[in-house]
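Laboratory data are not the source of any read-out in this text; all were calculated from the coordinates shown. Bear in mind the structure is a predicted one, so any value in this text is a computation, not a measurement. As a convention, Cβ positions derive from the backbone with ideal geometry for all residues, glycine included, and neighbour counts pool all protein chains shown.
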Amino acid sequence: MLSKEIKKNTVVLCWAIFLLLIFVHGFEAIFLKTDETFFGENFINKLFGIAVVFILLRYLNWHWSDIGFKRIGFVKNVGLGILLAFCSFIISYGVEIALLKTQGYDAGFGIFTTSFSLTGETVVHSGLGFILMCIFFNIINVVMEEGAFRGIIYQIVAIDHSLKYALFFQAFLFGVWHIVTPIHNLIDGDINLESFIALSVSYIILAGMMGIKWGLLYRMTGSLYAGMADHFFNNCIATNLLHVITVNGVDEMMIVRVVIAQLISFVVVFLVWKKREKSGVSFEK
């Protein structure tokens, strides 16, 4: 059970949780650089985050189902998330190919793993082992990020604040969580200060919007799985596995693809949310 003091300071508690998580995230990305090793992914901070979620659940005497990991409706909600992501990225891949063709490039698709980079540098790994490892690491990623942000942080803040406040608070932290990547690139000298500021602001806005979308899916379904499926498709399929190739390189317009897909899916989820809210349909916790 939460003490009365903690109940009055849920935001402070969640900031403390977030700072601990982002410290480990930053340390791994900047100093350990696990993504530049054989693994091609910063996964230690994700395992650490899952451990933190587990410890907090034990401390709060909560179950995994209390933060959205519910067995009921698992297949339905995963299917919903995959459908949302698939339709959004079909459109965004189409726009990307069309834009490349207007520039005179022939574009094709390739299936292999890469490490995402803001600077356009792509490290390619082929082979079934790398693909399976990519899938595994991305599952860990969505379990940790959805469990921590849409799960633990959202639920704790919602104890003494409105659900709307909790929704936007976790989304803001989720946006800030992603500035570790531009910080890494700034320290390595890959980008200058102006680019760092622009990329950081863009990341907070885009990732924050995604956090709102996945938070709304959680509210509508009462489960994290729809958001997790959409999150997984975005990270694993559209970013790490299914690539657009031209004579100039790989994924030159990845950011366009991702932004378009996220805008489309956000609008769809938001409109469904507003329609259900207007019709008086009750939402899950």
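Miscellaneous remarks
- Estimated Rh, the stretch 164-285: Kirkwood, alpha-carbon pairs, angstrom: 16.0
- Order by protection proxy (mean Cβ within 10 Å, highest first), peptides 225-235, 267-277: 225-235, 267-277
- Counting Lys and Arg as +1 and Asp and Glu as -1 over every other residue whose Cβ lies under 13 Å from the Cβ of residue 82, the net charge comes to 0.
- Pair-distance distribution P(r) for the stretch 1-105, from all Cα-Cα distances in 5 Å bins starting at 0: 2, 9, 11, 12, 11, 15, 17, 11, 6, 3, 2, 1, 0 percent.
- For the stretch 235-285, alpha-carbon Rg relative to the globular expectation (2.2 N^0.38 Å, N residues): 1.71
- Debye-sum result for the stretch 12-171 in log10 I(q)/I(0), which assumes one identical scatterer on each alpha carbon, at q = 0.13, 0.14, 0.20, 0.21 Å⁻¹: -0.84, -0.95, -1.35, -1.38
- Surface/4 of the Cα convex hull for the stretch 145-190, nm²: 3.4
- Hydrodynamic radius (Kirkwood) for the chain, which is based on Cα pairs only, to one decimal in Å: 19.7
- Shape call, the stretch 22-75: gyration tensor on alpha carbons, a/c limit 1.5: oblate
- Helix axis angle, 44-60 relative to the chain longest principal axis, alpha carbon, degrees: 10
- Look at the alpha carbon pairs under 8 Å that are at least 6 residues apart: their mean separation over the length of the stretch 4-278 gives a relative contact order of 29 percent.
- The chymotrypsin sites (Phe, Trp or Tyr not before Pro) of the stretch 1-80 that meet both conditions, a loop assignment by DSSP and at most 10 other Cβ atoms within 10 Å of the site Cβ, are 38.
- In the chain, a dipole from Cβ-located charges (positive for Lys and Arg, negative for Asp and Glu) runs towards its positive end, and of 77, 173, 105 it is 77 whose Cα lies farthest in that direction.
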